[in-house]
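Heads up, the thing below is written out as structure tokens.
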Amino acid sequence: MTAQPARLLIDGFGRRVSYVRLSVTDRCDFRCSYCMPLDQSFLPKRDVLTLEELALIAGAFIDRGVTRIRLTGGEPLVRRNVMELVRAIGRRLGHGLDELTLTTNGSQLARFADQLFLAGVRRVNVSLDSLDPDRFAAITRRGRLAPVLDGIAAAKAAGLKVKINMVALRGLNEDEILPMLQWCGSQGFDLTFIETMPLGFIEEDRSDRYLPLTQVRRLLDSRFTLQPLAERTGGPARYVRIEETGQKVGFITPLTHNFCESCNRVRVTATGTLFMCLGQEDRVELRDLLRQGGLAALDAALDEAMALKPRGHDFVIERGRAAPAVSRTMSVTGG
Ligand code: SAM
Ligand code: SF4
């Protein structure tokens, strides 16, 4: 841990923001059915922050007491020269920054695992919704399982701690919950289950695929002894230890409200829009401020953002509900 700066980011509800999710691109090589439509259109390149601007924004947050940064997207590893950014932010490790992590679909991990470790990354979250090649292809619609498994193996070999994220999807992968748990156990990976969130328009009605994690937990409860862990990340995850295997398992249940009061995070999109809540529209546009007013304007905008951070989200998944909670997909906000 490094010494804290004098001007921390504290919002109107007294919550300290110490964690930023930074989306480095809205683009992706997959089209996961719950995340984005097949014909998703992507942002014009000129609207997207340069790698230098992304590094400046990360630095501005670190200067205000942010100690953890997660790079995400879209698929962060499809951004050209993304390692320049990882290395630039990585240089702040031990100088304000405690942890730099990444959420990835794993498709490019085999290529980048060693470089990520060298840049100071120690943990990666890899999204993996199925271990069956056909089903994996059906869910991701452009992805292939084998390169992802190779990427995960490369990450492990490089010394990165791997956590697997699995979105629980009714009728699609609910029968893989126990096999996935077993596979993660055999590999030494933690596993986190995620509930689908109503973010952005997709082809299908999300309520058809919504599998409440209370059901997943009941299934695990019927097989194992679950020891609740006190550990909190300031996010919507709750963790248990499976006594029989020693595995740590997380449940991300964003549809419940009980994590908002301890929320410690904000999200920055690849165009520099700072969202104070995944499920609300409150935002501050950082890109033009940075381009026109430089770092001073950026710093002032962070204070403005703190005053705007809402108390919590208003997610609800209901059958037939026409509109998602917010119109932007997770790939735009940065999951
Ligand atoms: N492409 C990377 C990946 O898939 O890990 C990073 C970005 S992705 C948006 C981050 C996480 O959000 C993934 O674990 C994905 O499964 C999850 N996700 C995407 N859309 C979601 C939704 N509507 N509800 C719940 N999780 C979602
Ligand atoms: Fe791409 Fe990740 Fe969305 Fe899948 S979940 S489409 S990998 S951004």
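The values are calculated or read from the model by the stated rules, or taken from the named source; none is laboratory data. Computed from a prediction, not measured in an experiment: that's the story for all the values here. Positions of Cβ are generated from backbone atoms using ideal geometry, with glycine treated the same way; all protein chains shown enter the neighbour counts. The accessibility values were calculated without ligands, DNA or RNA, using every heavy atom of the protein model including side chains. Shrake-Rupley method; radii C 1.70, N 1.55, O 1.52, S 1.80 Å.
Descriptive notes on the structure:
- The range 107-130, residues that are of a type outside the set (S, T, N, Q), within 16 Å of ligand 2 (Cβ to nearest atom) and closer than 20 Å to F193 by Cα: V124, V126, L128, D129
- Restricted to the range 207-225, and to residues there that are modelled with pLDDT of 95 or more and assigned to a loop (DSSP other than H, G, I, E, B), the residue that is farthest from V167 (Cα to Cα) is T225.
- Residue in the range 1-49 that is most open to solvent (accessible area, probe 1.4 Å), counting only those that are in contact with a Leu (Cβ under 7 Å, 6 or more places away or on another chain) and more than 16 Å from ligand 1 (Cβ to nearest atom): R16
- Answer residue from the range 61-104, given it is over 30 Å from Q40 (Cα atoms), among the hydrophobic types (A, V, I, L, M, F, W, C) and open to solvent by 10 Å² or more (accessible area, probe 1.4 Å) and is nearest to ligand 2 (Cβ to nearest atom) among those: A88
Every residue, every condition in (1) open to solvent by 70 Å² or more (accessible area, probe 1.4 Å); (2) under 19 Å from G279 (Cβ atoms), yes or no:
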residue: D175; (1), (2): yes, no
residue: D190; (1), (2): no, no
residue: L199; (1), (2): no, yes
residue: D221; (1), (2): yes, no
